[in-house]
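Chemist: Please see the structure below; I have some questions.
The values are calculated or read from the model by the stated rules, or taken from the named source; none is laboratory data. Since this is a predicted model, take the numbers as computed values, not measurements. Neighbour counts run over all protein chains shown; Cβ positions are idealised from the backbone, glycine included.
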Amino acid sequence: MDSSNRNPLGGFLRCYRDEHGLSLRALAEKAGVSPAYVSNLERGSDPMTKKPVKPSAKKLSQLAKATMVEPAFLVALATGQDPGSPRQADPRTELLHLLENQARELERFKVRIQEPGMREIPHFGPVACGNTGYLPNEPLSVTAWPTFLVGSADFSVQVKGDSLDRQGLMEGDWVFLKTLSPDRRPREGSIVLASLREGEDYLATLKLFSKRGGRYRLEPDSTNEDHHPVAVDDDVRVLGQVVWHCSDPARFA
């Protein structure tokens, strides 16, 4: 089935960007929302939680203004109703937007052109690599990376801690992860970002995914002996599997 049939709002936004030659960041700036928000709408779900994205009326109004259609059209797409044909906004509004953004768009394309072979990756900031810690709900930034480096990565985080220093993951390194479907177990020996339930909270940590004595565990691989393994049970969720990491992201982005 065509993904635009399952997610008509996301399909419309992708088509609009393709027709107007806009990157995720460019459309997000026109609408006054984050690039990660537009990416999630096009995908239809949050890559971290796998939950469907439910845009607010305010955000839909902002996107409608940016894409030159009536807000009711996007509301219909978002709620699964028959939107009919999109009613175009006043063409004078489109001209105003073009004039307002022209200089900024030209500067952006001088600095960076989104070429084939690039992949925009949301970055969620520091994540505990030792003890557990909170994972931000929203990405801090979205950056284009060469696909030959990041492969099929869906998001990135930054290492905070030393529980995987023997694996070459040092404080401040960036790691790029691919999300896994709920029914797919990570590869044994891979590094994963896992969410552990502690009381009423779910906290995140980077660890090695291993199997010992017939049980799966999250293990450190560190010169610091204070770190300990954690048994994988129903209170543990694997959020992603590491596909690449680097110590100096400025060299590549």
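Chemist: Taking region 159-178 only, how many residues are surrounded by 19 or more Cβ atoms within 10 Å (Cβ to Cβ) and either within 14 Å of the chain's Cα centre (by Cα) or over 19 Å from Asn224 (Cβ atoms) (or both)?
Modeler: Result for region 159-178: 4.
Chemist: Look at Arg237 and say whether it is of a type outside the set (A, V, I, L, M, F, W, C), within 21 Å of Thr49 (Cα to Cα) and either touching a residue at least 12 places away in the same chain (Cβ under 8 Å) or in the same structural domain as Pro47 (by TED's automatic domain parsing) (or both). Quick ask: steps written out before the conclusion?
Modeler: Numbers: of a type outside the set (A, V, I, L, M, F, W, C): yes; within 21 Å of Thr49 (Cα to Cα): yes; either touching a residue at least 12 places away in the same chain (Cβ under 8 Å) or in the same structural domain as Pro47 (by TED's automatic domain parsing) (or both): yes.
When the stated conditions are applied, Arg237 passes them.
Chemist: If I filter region 201-219 for residues that are crowded, with 18+ Cβ neighbours inside 10 Å, under 26 Å from Asp46 (Cα atoms), at pLDDT below 90 and more than 20 Å from the chain's Cα centre (by Cα), do I get at least one hit?
Modeler: No, region 201-219 contains no residue that is crowded, with 18+ Cβ neighbours inside 10 Å, under 26 Å from Asp46 (Cα atoms), at pLDDT below 90 and more than 20 Å from the chain's Cα centre (by Cα).
Chemist: Looking at region 211-218, can you tell me whether even one residue there is in contact with a helix residue (DSSP H, G or I) (Cβ under 6 Å, 6 or more places away or on another chain), assigned to a loop (DSSP other than H, G, I, E, B) and over 15 Å from Pro126 (Cα atoms)?
Modeler: No: region 211-218 contains no residue that is in contact with a helix residue (DSSP H, G or I) (Cβ under 6 Å, 6 or more places away or on another chain), assigned to a loop (DSSP other than H, G, I, E, B) and over 15 Å from Pro126 (Cα atoms).
Chemist: For region 123-153, name all the residues that are in a loop (DSSP other than H, G, I, E, B) and among the polar types (S, T, N, Q). Can you show your working first?
Modeler: Going through region 123-153, the residues in a loop (DSSP other than H, G, I, E, B) turn out to be 129-132, 134-140, 151-153.
Matches in region 123-153: Asn131, Thr132, Asn137, Ser152.
Chemist: From the set of residues in region 154-188 that are assigned to a strand (DSSP E or B) and among the basic types (Lys, Arg), which is farthest from Asn40 (Cα to Cα)?
Modeler: Out of the qualifying residues, it is Lys160.
Chemist: Answer yes or no as to whether Val232 is under 18 Å from the mean Cα position of the chain (by Cα), buried (at least 17 other Cβ atoms within 10 Å of the Cβ) and β-branched (Val, Ile, Thr).
Modeler: No, not satisfied.
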